[in-house]
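First the structure, in the form of structure tokens, and then the observations on it.
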Amino acid sequence: MEQRHLGRTGLRVSRIGLGTLTWGRDTDEHDAADQLKAFWEAGGTLVDTADVYGGGDAEYLLGQLVERLVPRRDLVIATKAGSVPDPDRRFDGSRGHLLAALDASLERLGTDYVDLWQVHAFDLETPLDETLQALDIAVGSGRARYAGVSNFCGWQLAKAATWQLASPGIRTRLASTQMEYSLLQRGVEREVLPAAIDLGVGLLPSSPLGRGVLTGKYQKATPVDSRGASEQMAPFVEPYLDEAASRIVDAVRTAADGLATTPLEVALAWVRDRPGVVAPIVGARNAQQLTAALSVETLSLPDEICQALDDVSAPVHRYPDQDWSTL
């Protein structure tokens, strides 16, 4: 699998990442092991998790599999901290919480360091410089090799990345930002992606298949074994089952038919090769699903197909997102 630099850093990662959102909850140890082995054998290196996935079980399961199945040195392990199971406070970006969460993640993962440590979301109740200081301490202590953020809007990302570049002293530049990005969700193109490209921050798209909808499996009915049929994940899928999404899925299916490939590969290739994108994070139910996604490595979309998909899924960008003089 092709390797790409993560933002403006020397860290190289596979251009498809393996997501573990369902590990330890819907994905058991057997299926997780099959996925990790298939991913590694295909040349994949970037494995993304978080301290809240499966209540910590995703990290623990990954830690049990590393070394037993795959050498630690062959993986780029990324995890996140900052989301908390508190109905009154969804995010905690305080220095104390973040560093304690990192230590707990390392224990579950069974490793001395993570390759990429990400703040899971912006915390409006904590000064940003305090949150960013936790990243500096983590990297300075060797517990994390690189640092990034997740779910930061445009101004939040720009402020954080600029602070790290401009503040006095030795600061850890942001290597990445993880955001949802697909043909069904192009909101990051308004401000997040331009900021990331300008500041040298690599984009790691989550849900690159539109929460599974872009595979086309929901067009006729909801498969009983799909995320959309599960009580926990149905609300996550439902927003992308509207008429507008259906038109985009139809266009993806048409492109796939013309290229003698699958809608999954077309949708994944589109987001993988967008400007600023480093590695879409793909979550799968089993190794068979993952292998189908990894087969995208051999596919590059023709320019005319990309343009057609761009047109059918184009978000409305007016003032101030485009040159005001043209309005």
remark   = Exactly one of D123, D74, D92, D103 is of a type in the set (D, E, K, R), modelled with pLDDT of 95 or more and closer than 21 Å to P280 by Cα, and that residue is D74
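Per-residue answers, yes or no, for (1) under 17 Å from the mean Cα position of the chain (by Cα); (2) buried (at least 24 other Cβ atoms within 10 Å of the Cβ); (3) hydrophobic (A, V, I, L, M, F, W, C):
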| site | (1), (2), (3) |
| --- | --- |
| S176 | yes, yes, no |
| Q185 | yes, no, no |
| V188 | yes, yes, yes |
| A196 | yes, yes, yes |
| P205 | yes, yes, no |
| V213 | yes, yes, yes |
| G216 | no, no, no |
request  = Considering (1) without any contact (Cβ under 8 Å) to a residue 40 or more places away in the chain; (2) aliphatic (A, V, I, L, M); (3) touching a Lys or Arg at 6+ places or on another chain (Cβ under 6 Å), say which one L99 fails and leave the rest.
outcome  = (3)
ask   = Taking helices (runs of 4 or more DSSP H) that do not extend beyond region 239-323, which have at least 1 residues that are within 27 Å of T9 (Cβ to Cβ) and of a type outside the set (S, T, N, Q)?
value = 263-272, 287-294
task = Hey, can you tell me all the residues within region 136-150 that are open to solvent by 10 Å² or more (accessible area, probe 1.4 Å) and part of a helix (DSSP H, G or I)?
result = D136, I137, V139, G140
message = With the requirement that a residue be assigned to a helix (DSSP H, G or I), open to solvent by less than 20 Å² (accessible area, probe 1.4 Å) and of a type outside the set (G, A, S), what does region 62-105 give you?
response = L62, L65, L98, L102
ask   = Pick from R4, R8: which is part of a strand (DSSP E or B), open to solvent by 10 Å² or more (accessible area, probe 1.4 Å), under 30 Å from P275 (Cβ atoms) and at pLDDT 95 or above?
value = R4
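The values are calculated or read from the model by the stated rules, or taken from the named source; none is laboratory data. What you see is a predicted model, and the numbers here were worked out from it, not measured in a lab. Quick reminder, even Gly has a Cβ in these numbers, built from the backbone with ideal geometry, and neighbours come from all protein chains shown. What goes into the accessible areas is simple: the full protein's heavy atoms, side chains included, and nothing from ligands, DNA or RNA. Shrake-Rupley method; radii C 1.70, N 1.55, O 1.52, S 1.80 Å.
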